[in-house]
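What follows is a single structure, written as structure tokens, with notes after it.
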Amino acid sequence: MTLSELSKLLGLKTVCLEHDSEFNGVYAGAFLSRAMSHVKSGNLWLTIMSNANVVAVASLSDAAAVILAEDVQLLPDALEAARENSVNVLSSDKTVYELCAEISRLI
């Protein structure tokens with residue numbers, strides 16, 4: 001399933017969609033150190049973190065996208081970094097748990 005298909009099904013908002021790729025798994029968590037070792041290439045990373053470090057970890061891990069839960073807004077410097085590093089970022093007003101449950105039903 002592609003990011004745009006997932007966005008449509010879940011009503012996600014596009015923050016930065018640099019490339020519409022497919023995803024192959026999901027990691028949910030807010031600790032950067034854990035995400036660095038657990039987000040795999042092609043994964044979605046669901047988090048409530050919104051700073052530039054999130055973009056850096058997503059870029060290093062080659063995540064398919066970061067999904068910001070609970071209406072968290074990406075900080076301006078992080079948005080600039082996402083665009084510069086071609087990191088996809090989507091957002092939702094749903095909780096991380098709700099997003100995980102809905103994605104699980106879809107894949």
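The values are calculated or read from the model by the stated rules, or taken from the named source; none is laboratory data. Because the structure is predicted, anything quoted here is derived from the model rather than measured. Neighbour counts are summed over all protein chains in view; Cβ atoms, including those assigned to glycine, are modelled from backbone coordinates with ideal geometry. Please note that ligands, DNA and RNA were not included when accessible areas were found on the heavy atoms of the full protein model with its side chains. Shrake-Rupley method; radii C 1.70, N 1.55, O 1.52, S 1.80 Å.
Values for this structure:
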quantity: Option label - Rg/Rh (Cα atoms, Kirkwood Rh) computed here, alternatives (1) 1.10; (2) 1.04; (3) 0.91; calculated: (3)
quantity: Accessible surface of the range 18-96 [probe 1.4 Å, protein heavy atoms]: carbon and sulfur percent; calculated: 51
quantity: Probe 1.4 Å, protein heavy atoms only - accessible area per residue of the chain in square angstrom; calculated: 52
quantity: The chain - charge dipole about Cα centre, Lys and Arg +1 at Cβ, Asp and Glu -1, debye rounded to 20; calculated: 260
quantity: FRET efficiency for Met1 and Asp77, using Cβ-Cβ distance with R0 set to 30 Å, rounded to 0.05; calculated: 0.45
quantity: Chymotrypsin sites (Phe, Trp or Tyr not before Pro) within the chain: DSSP coil, no more than 13 neighbouring Cβ in 10 Å; calculated: Phe31
